[in-house]
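In what follows, a single structure is set out as structure tokens and then discussed.
We did not get these values from a lab; they are worked out from the coordinates using the rules stated. Keep in mind it's a predicted model, so treat the numbers as computed, not measured. With ideal geometry, Cβ positions are generated from the backbone for all residues, glycine too; neighbour counts draw on all protein chains shown.
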Amino acid sequence: MSEPIRFYFDQHIPFAVARGLRRRGVDVLTAHEADRCGLPDLDQLEYASELGRVLVTFDADFVILSARGIDHQGIAFCTASKHSIGELIYALLLVHDLLTLEDLINHIEFI
């Protein structure tokens, strides 16, 4: 059986999303909690990968890093205005419940 997906939220993802996922048993670490706000995108992506976490972001720069061939443990991407907090929680629950870490290695899941 595969390990459950664990998320790393960049600094722009609302904390209410982390709280909602945690209430449902999902492991989430935020950039705020890790004291990593303001660090370069490449550093954030490498940090998430070192921890074996899927990066959740609104920042399209991470999509560009992936397209350049930077290895990662997965990126869940959407634009900031696409979903309400509840919709974002639901979308990330689907990612968590239906995909595996292996599915997400060097993959971008557009949510």
Enter the Cα centre distance for the pair the range 1-55 and the range 88-111, rounded to the nearest angstrom. 13
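Just the ratio, please: alpha-carbon radius of gyration of the chain over 2.2 N^0.38 Å, N its number of residues. Could you put the intermediate results ahead of the total?
Values: Rg = 12.5 Å, N = 111, 2.2 N^0.38 = 13.2 Å.
So the Cα radius of gyration is 0.95 times the expected 2.2 N^0.38 Å.
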Which Cα, out of SER84, ALA31, GLY52, lies furthest along the positive dipole direction of the range 7-110 (beta carbon charges, K/R +1, D/E -1)? SER84
